[in-house]
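This report refers to the structure that appears directly beneath it.
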Amino acid sequence: MTEILKNLADRPVIVGSGLAGLIAALTLSPEPCVLVTRAHLGAESSSGWAQGGIAACIGADDSVDLHLADTLGAGDGLCDATAAAEIIAEAPAVIAALQRLGVSFDQDGNGSLALGLEAAHSRRRIVHAGGDGSGAAIIAALTRAVHDDPAITVIEGVEARRILTTEGVLSGLLCANSRGGMVLPSPRILLATGGIGGLYEATTNPAGNFGQGIALAARAGAVLADMEFVQFHPTALDGNRRPLALISEAVRGEGAELINERGERFMRYVPGAELAPRDVVARAISAEIARGGRVFLDARRAIGARFPLRFPTIHAACRSVGIDPAEQPIPVRPAAHYHMGGVATDRAGRSTVPGLWVAGEAASTGLHGANRLASNSLLEAAVMGMRAANDMRSKLAAVPLGKTPPMPSAPETRAVRPIVSRNLGVLRNAAGIQQAIGELLPMAEGNDFGGDPAIVALLVAVSASLRTESRGAHARTDYPLKHPVAQRSRITLEHALEIARAASPSNFARSA
C-alpha cells in the first residue's frame with residue numbers, strides 16, 4: 001500500500017544526503033523541508049569518501065583568474081566559463097560557511113589553512129580536513145547540524161522511484177522503503193543523488209550510486225548534458241576490494257611517482273608528469289596495463305615515514321591488504337570516479353522541468369567540462385546546493401496529485417555493469433559503443449529491476465556514439481583527434497531511445 005504523507009505536503013523535498021543535499025537543507029532552514037535518503041544520513045555518499053578536499057583560491061599567490069584558468073584547461077574546451085568563474089569566486093564564502101557549521105579544516109604551523117596541491121592545479125589551493133579525510137569530516141559536521149535543526153524532517157532508508165506529475169506539472173515524489181510505498185506531495189524537488197560509478201565493476205564510488213537522480217529526471221523529460229564524459233581516477237588501489245579504495249591525487253601532489261613493474265617512471269616525459277590532467281594519467285596507466293604490465297605509486301622517497309600522518313585513511317586501506325606505503329610501492333589502476341555529465345541546470349540549479357532542481361554530481365552546470373579539475377566537485381556541490389535552496393524559496397502553487405502509478409521494481413545493476421565496464425571504459429570505439437547500445441536498449445525499455453540503471457547507461461552510450469572525437473575523459477581509439485570547435489552535448493531520454501531504436505539490429509549483438 002502506498003501512503004500519502006499529507007502532513008509533509010508542499011514542503012521542499014531534497015533527495016540525497018551528500019554535501020549538496022545536506023547544505024541545501026541547512027540553507028532552506030528555517031523554512032520546513034524534507035530530506036529523504038536511501039541510507040542513513042550522510043552514509044553511502046561520494047562526498048563522505050572524498051579525500052583531497054575543496055579547491056579554493058584563498059592563498060596569497062592565488063586568484064579566481066588562476067583557478068579558472070586551471071579549470072578551463074582541465075575541461076578541455078567544454079567548460080561554461082561564466083558559470084565556472086561564478087562558482088570558483090564563491091569558494092572563500094563556502095569555506096567560511098562550512099567552518100561556521102562546524103568543519104575544522106587542517107592548519108599549517110602559522111595557524112592558517114593548510115593548502116595542498118593536486119593534479120593540473122598551478123597553485124596549492126586544496127583545503128582539507130583530517131589529512132585525507134576531508135569528505136568524512138565535512139559530512140560528519142553537516143550531519144550533526146541537520147540532526148539538530150528542527151526545520152528539517154529526515155526520512156532515512158527511503159529510495160526515490162519516480163517523480164510524479166499532474167497534467168505535465170510536477171506534483172510529488174514516489175518513494176519506497178522496506179515497509180512499502182509513500183508519496184511526498186510537493187511542487188519543489190531537489191535531486192542531490194550523486195554520480196554513476198555503480199554502473200562500473202571498478203569504481204571508487206558507493207556501489208549503489210548508479211545515477212538514480214539522472215534516471216528520475218530523464219523519465220520526467222529533463223534535458224541531460226555531457227553524459228558521455230566519465231572521469232576515471234588514475235590511482236585506485238588495485239585489489240579485490242569493491243568498491244576500490246581511492247589513492248588520492250594529493251599523494252602525487254606530495255611527490256609520489258608512478259612506476260611500472262620494471263621500475264620505470266613512465267610519466268616522466270609527459271607534460272605535467274604525475275600531475276597531468278586525470279584523463280592523461282588514466283590513459284597512460286591503462287596503456288601499461290593493456291600491454292600486460294602493472295603500475296605502482298611509489299611514495300617511499302617523497303613521503304616515506306610521514307605517510308601515516310599525512311594520509312591516514314589511505315595508509316589504513318593499504319595496510320588492510322598487506323602493503324606499507326612508507327616501505328612499498330602501492331599497486332594502482334584506473335577506476336570510474338566522477339561523472340562530468342548529468343541533468344542540465346542553470347546557475348540556480350534549475351533543470352528544464354519546472355519545479356525540479358538538481359545539484360552536485362547528478363547535475364551538469366558546465367563547471368567541469370570534459371574533465372573535472374581535482375577537488376572542484378565538493379566546491380560545486382556546496383555552491384550549487386546553497387544556490388538551489390535559495391532559489392527554491394520561491395513558492396510554487398501546490399499541484400493536486402493524480403493517480404499514483406504502480407511501484408516500480410527496485411533498481412539492480414548486476415546485468416548492466418559488465419556491459420558498461422566492457423564497452424564504456426577509459427578507451428572506447430564504435431564497435432563497443434554500439435554493442436552497449438544494443439544490449440542496454442531492451443532493459444531501458446522494460447519495467448523490471450534493470451530499467452533505471454540501463455536508462456542511465458544508455459544515455460552515456462548514445463552520447464558517446466554521437467561524439468566522434470577524443471576530448472577530455474572521452475577517448476575514442478577510432479577518433480583520436482578533436483573537432484576544431486568544442487560543443488557540449490544535449491540529449492533527452494526520448495531522443496536517446498529514438499537513436500538506439502533507429503540503428504539496424506544487425507549492427508548489434510542484441511541481448512535476449
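Miscellaneous remarks
- Arg428 vs. criteria charged (D, E, K, R) and touching a strand residue (DSSP E or B) at 6+ places or on another chain (Cβ under 6 Å): yes
- Residues within region 377-400 that are surrounded by fewer than 17 Cβ atoms within 10 Å (Cβ to Cβ) and among the aliphatic types (A, V, I, L, M), tallied: 3
- Applying the criterion of being touching an Asp or Glu at 6+ places or on another chain (Cβ under 9 Å) and either without any contact (Cβ under 8 Å) to a residue 12 or more places away in the chain or under 30 Å from Ile289 (Cα atoms) (or both) to the residues of region 434-455, the residue that is surrounded by the most Cβ atoms within 10 Å (Cβ to Cβ) is Ala454.
- Subset tally (residues that are part of a loop (DSSP other than H, G, I, E, B) and either surrounded by 24 or more Cβ atoms within 10 Å (Cβ to Cβ) or of a type in the set (Gly, Ala, Ser) (or both)) for region 205-216: 6
- Per-region count, region 420-444, residues part of a helix (DSSP H, G or I), of a type in the set (A, V, I, L, M, F, W, C), touching a helix residue (DSSP H, G or I) at 6+ places or on another chain (Cβ under 6 Å) and closer than 22 Å to Glu469 by Cα: 4
- Residue count for region 392-430 satisfying the condition of being of a type in the set (A, V, I, L, M) and free of Cβ contacts under 8 Å to residues at least 24 places away in the same chain: 0.
- Among helices (runs of 4 or more DSSP H) entirely within region 18-125, having at least 1 residues that are within 18 Å of the chain's Cα centre (by Cα) singles out 19-28, 46-49, 64-75, 81-89.
Conditions (1) of a type in the set (Lys, Arg); (2) surrounded by 17 or more Cβ atoms within 10 Å (Cβ to Cβ), marked per residue:
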residue	(1), (2)
Asp226	no, yes
Arg294	yes, no
Leu297	no, yes
Gly304	no, no
Phe311	no, yes
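- Inspection of region 450-465 identifies no residue that is among the acidic types (Asp, Glu) and at pLDDT below 95.
- When Arg417, Arg387 are checked against the criterion of being at pLDDT 95 or above, charged (D, E, K, R) and within 20 Å of Val34 (Cβ to Cβ), a single residue qualifies: Arg387.
- If the condition is being part of a strand (DSSP E or B) and touching a Ser or Thr at 6+ places or on another chain (Cβ under 7 Å), then region 445-484 contributes Arg476, Tyr479.
For every residue, the table says whether it meets (1) β-branched (Val, Ile, Thr); (2) more than 18 Å from Ile54 (Cα to Cα); (3) part of a loop (DSSP other than H, G, I, E, B).
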| residue | (1), (2), (3) |
| --- | --- |
| Ala336 | no, yes, no |
| Arg347 | no, yes, yes |
| Glu361 | no, no, no |
| His368 | no, no, yes |
| Leu373 | no, no, yes |
| Leu378 | no, no, no |
| Asn390 | no, yes, no |
| Pro400 | no, yes, yes |
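- Within region 132-160, residues that are touching a residue at least 60 places away in the same chain (Cβ under 8 Å) and among the aromatic types (Phe, Trp, Tyr) have Cβ atoms under 8 Å from residues that are surrounded by fewer than 19 Cβ atoms within 10 Å (Cβ to Cβ) and not in a helix (DSSP H, G or I) in no pair, counting only partners at least 6 apart in sequence or on another chain.
- Residues satisfying the stated conditions in region 481-512, i.e. at pLDDT below 95 and either of a type in the set (A, V, I, L, M) or under 25 Å from the mean Cα position of the chain (by Cα) (or both): Ala502, Ala503, Ala509, Ala512
- Long-range neighbours under 6 Å by Cβ, at least six apart or interchain, first residue of a type in the set (S, T, N, Q) within region 13-38, second assigned to a helix (DSSP H, G or I): Thr27/Met386; Thr27/Ala389
- Filtering Ala91, Ala129 for residues that are closer than 13 Å to Ala56 by Cα, among the small types (Gly, Ala, Ser) and in contact (Cβ under 8 Å) with a residue 40 or more places away in the chain leaves a single hit, Ala91.
- Restricting region 164-191 to residues that are hydroxyl-bearing (Ser, Thr, Tyr) and assigned to a strand (DSSP E or B), the residue that is farthest from Arg38 (Cα to Cα): Thr166
- Residue check for Thr477: β-branched (Val, Ile, Thr), over 25 Å from His368 (Cβ atoms), more than 20 Å from the chain's Cα centre (by Cα) and surrounded by fewer than 20 Cβ atoms within 10 Å (Cβ to Cβ): no
- Here region 165-203 is the region considered, the condition is being surrounded by fewer than 24 Cβ atoms within 10 Å (Cβ to Cβ) and of a type in the set (S, T, N, Q), and the residue that is farthest from the chain's Cα centre (by Cα) is Thr166.
- For the condition among the aliphatic types (A, V, I, L, M) and under 23 Å from Ser134 (Cβ atoms), Ala273 does not qualify.
- Residue that is touching a Leu at 6+ places or on another chain (Cβ under 9 Å), over 27 Å from Ala129 (Cα atoms) and at pLDDT 95 or above, where the choices are Ala222, Ala192: Ala222
The values are calculated or read from the model by the stated rules, or taken from the named source; none is laboratory data. Given the structure is predicted, the values throughout are model-derived calculations rather than measurements. Quick reminder, even Gly has a Cβ in these numbers, built from the backbone with ideal geometry, and neighbours come from all protein chains shown.
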